[in-house]
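Worksheet: the structure to be examined is printed underneath.
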Amino acid sequence: MNKPAQILDTHSVMFITQRPEIIMVEGNGSWLTDNNGKRYLDFLQGWAVNCLGHCNPGMIEALNAQAKKLINSSPAFYNEPMIGLSNLLTANSCFDKVFFANSGAEANEGALKLARKWGQLNKSGAFEIITFDHSFHGRTLATMSASGKPGWDTMFAPQVGGFPKADLNDLDSVKKLVTNKTVAVMLEPVQGEGGVIPTTLEFMRELRKFTRENNILLIADEVQAGCGRTGTLFAYQHYGIEPDIMTLGKGIGGGVPLAALLATNAAACFVPGDQGGTYNGNPLMTAVGMSVIEQLLAPGFLESVKAKGELLKSELLKLCIEFNLEGERGEGLLRALMLGRDIGGKLVELARERRPEGLLINSPKADLLRFMPALNISDDEILQMCNMLRELLQQVD
Ligand SMILES: *Cc1c(COP(=O)(O)O)cnc(C)c1O
């Protein structure tokens, strides 16, 4: 403990983001420890990835057992966890077929390809996919083009074409963009990077009705909102609707690189040669995914996520009153605190630097904090976080 902070030699790490001068070396549940022995209460969890916290015992066991048995049989063969996880996902959703990927962007890229293929087969080559302003679908060229992040339209110009943007929760804005080239509408049930903006019940239901009536596919990007994050196994289940295609990422691997593309029988139109990948469906990652999904489905688990979401919400609302903040929003354990002023970045920094224990939070927009803790976080840790935040808000005021 109390060693002087070392100067880190990071010159060979490609500079793609500003990182603090610490190294994270260990994790346990909702806590991370850095190279100086300082502990952090982690409300980032790898960006809503470690849904069961750091170093979950069930995941470790699944990883170790599978590593001893078979790490990679090649995508040319079936393997046990690939089949097991596919069956688990289809048995607990409205989908019939699963293709595994290594990242959310890759799963979404697959969804875009699948929709275009479906358009070739069923809609005279219709290929346009309507997406939404402020949406986030990934960092490949096509998923960046599909995303509605300000500035991304010119960043690596030219974009991949065919992604007109509508306004979330405004059906007329979707209708205006529909042409005979429209094959799908793609959206996040809760816009994550966009600032935790839930799609409304009414809009989702009307959109599903409208897309069905017009032979347009509905694609739910549940990379962030899926896998228990909002208190149901999948976020679409809140709405009483069934999408044609869904993508999962982040939480499905609980921290390992795993993602999935799911489709109904009617939408699953790939034929051999259309889709693949070296690591796709590899047994090591899918074995971990099985452990994750089984733990999410354990009796009472999703109910506890809902209860913890309510607790976090009520505690955040207390802070709103105490500090005259704008409000809070979100679903389950994907929540945001609207600060009403541009102090998000400052709070993130103060929280990390807090002593003796730090706090890890995220500010996707300057006037907003986002919370995406482990789904098995304790009530006590939620209260601890809110007390730390209270302290920090007093400091910036
Ligand atoms: C994070 C995210 C992605 C991209 O996932 P990666 O694994 O980073 O490629 C796509 N869509 C949504 C909604 C996300 O939150």
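Nothing in this text is a laboratory measurement; each read-out follows from the coordinates by a stated rule. None of the values given here were measured: they were computed from a predicted structure. Heads up, the Cβs are rebuilt from the backbone with ideal geometry, glycines too, and the neighbour counts pull from every protein chain shown.
Relative to 2.2 N^0.38 Å, what does the C-alpha radius of gyration of the chain come to as a ratio? Two decimals please. Kindly include the intermediate steps, with their values, before the conclusion.
On the way: Rg = 21.2 Å, N = 397, 2.2 N^0.38 = 21.4 Å.
Normalised by 2.2 N^0.38 Å, the Cα Rg of the chain equals 0.99.
Given +1 on the Cβ of Lys and Arg, -1 on the Cβ of Asp and Glu, and no further charges, what dipole in debye does the chain carry about its Cα centre, rounded to the nearest 20?
On the way: 37 positive and 44 negative charges, 123 e Å.
Once rounded to the nearest 20, the dipole reads 580 debye.
Suppose the chain between Ala76 and Ser173 were pulled fully straight at 0.36 nm per residue; how much longer would it get relative to their current alpha carbon spacing? Write down the numbers at each step before the final one.
Working: separation 97, 0.36 × 97 = 34.92 nm, distance 4.38 nm.
Full-extension gain reported as 30.5 nm.
If neighbour count is taken as other Cβ atoms inside 10 Å, put Met144, Met14, Met372 in order from fewest to most. The partial results should precede the final answer.
Values: Met144 20, Met14 6, Met372 29.
Ordered from fewest to most neighbouring Cβ atoms within 10 Å, Met144, Met14, Met372 come out as Met14, Met144, Met372.
Counting alpha carbon pairs within less than 8 Å and at least 6 residues apart, what relative contact order, in whole percent, applies to segment 57-296? Don't skip to the answer; put the middle values down first.
Numbers: 474 pairs, mean separation 73.6, N = 240.
Answer for segment 57-296 is 31 percent.
When you have a sec, figure out the Kirkwood radius of segment 110-185 from all distinct Cα pair distances and drop it here in Å to one decimal?
12.6 Å
How many nm separate the modelled label positions at Asn64 and Lys181, each set 7 Å beyond the Cα in the direction of the Cβ?
Going by the 7 Å Cα→Cβ label model, 5.6 nm.
Compute the semi-axes of the equivalent ellipsoid of segment 280-377, taking the square root of 5 times each eigenvalue of the Cα gyration tensor, and list them largest first in whole Å.
Numbers: eigenvalues 183, 62, 30 Å².
Calculated on Cα positions only, the semi-axes equal 30, 18, 12 Å.
Would you mind computing, in nm to one decimal, how far apart the modelled labels at Met14 and Asn387 are, each placed 7 Å from Cα along Cα→Cβ?
That separation, rounded to one decimal, is 4.4 nm.
Treating the angle as unsigned and between 0 and 90°, give the value, to the nearest 10°, between the Cα long axis of helix 344-353 and the longest Cα principal axis of the chain.
On a 0 to 90 degree scale, this one is about 50.
Kindly put Tyr78, Tyr40, Tyr236 in sequence by how many other C-beta atoms sit within 10 Å of each C-beta, fewest to most.
On the way: Tyr78 11, Tyr40 21, Tyr236 24.
With the sparsest Cβ surroundings first, the list reads Tyr78, Tyr40, Tyr236.
Restricting the count to DSSP beta bridges whose residues both fall in the chain, what percent are antiparallel, rounded to a multiple of 5?
Details: 30 of 46 bridges.
Counting DSSP beta bridges with both partners in the chain, the antiparallel share is about 65 percent.
Using the Cα centre of the chain as origin and beta-carbon charges of +1 (Lys, Arg) and -1 (Asp, Glu), tell me which of Gly276, Ala111, Pro20 is placed farthest towards the positive end of the dipole.
The listed residue farthest towards the positive side: Gly276.
At Thr90 and Lys113, where each label point lies 7 Å from the Cα along Cα→Cβ, what is the point-to-point distance in nanometres?
2.0 nm
Can you give me the angle between helix 104-122 and the longest principal axis of the chain, using Cα atoms only, in degrees from 0 to 90, rounded to the nearest 10?
So the helix axis and the longest Cα principal axis differ by about 20 degrees.
Tell me, how many Å apart are the Cα centres for segment 321-385 and for segment 61-94?
One Cα centre to the other: 36 Å.
Whole number please: convex hull volume per residue of the Cα set in segment 57-180, in Å³? Walk me through the numbers before you get to the answer.
Details: hull volume 22.5 nm³, N = 124.
Expressed per residue, the convex hull around the Cα atoms of segment 57-180 is 182 Å³.
What percent antiparallel are the DSSP beta bridges of segment 88-240, to the nearest 5? Walk me through the numbers on the way to the answer.
Working: 2 of 11 bridges.
Once the DSSP bridges in segment 88-240 are tallied, antiparallel ones form about 20 percent.
HN-Hα J couplings of segment 382-397 from phi, Karplus 6.51/-1.76/1.60, θ = phi - 60°, integer Hz, Gly and Pro as x?
Each residue of segment 382-397 in turn: 5, 5, 4, 4, 5, 5, 4, 5, 4, 4, 5, 5, 5, 5, 7, 6 Hz.
How high is the FRET efficiency from Glu26 to Arg205, r the C-beta distance, R0 56 Å, rounded to 0.05?
On the way: r = 45 Å, r/R0 = 0.81.
Between Glu26 and Arg205 the formula returns 0.80.
Hey, fewest Cβ within 10 Å first, where do Glu202, Glu188, Glu106 land in order? Don't skip to the end; give the middle numbers.
Values: Glu202 11, Glu188 27, Glu106 23.
Ranking Glu202, Glu188, Glu106 by Cβ neighbours within 10 Å, fewest first, gives Glu202, Glu106, Glu188.
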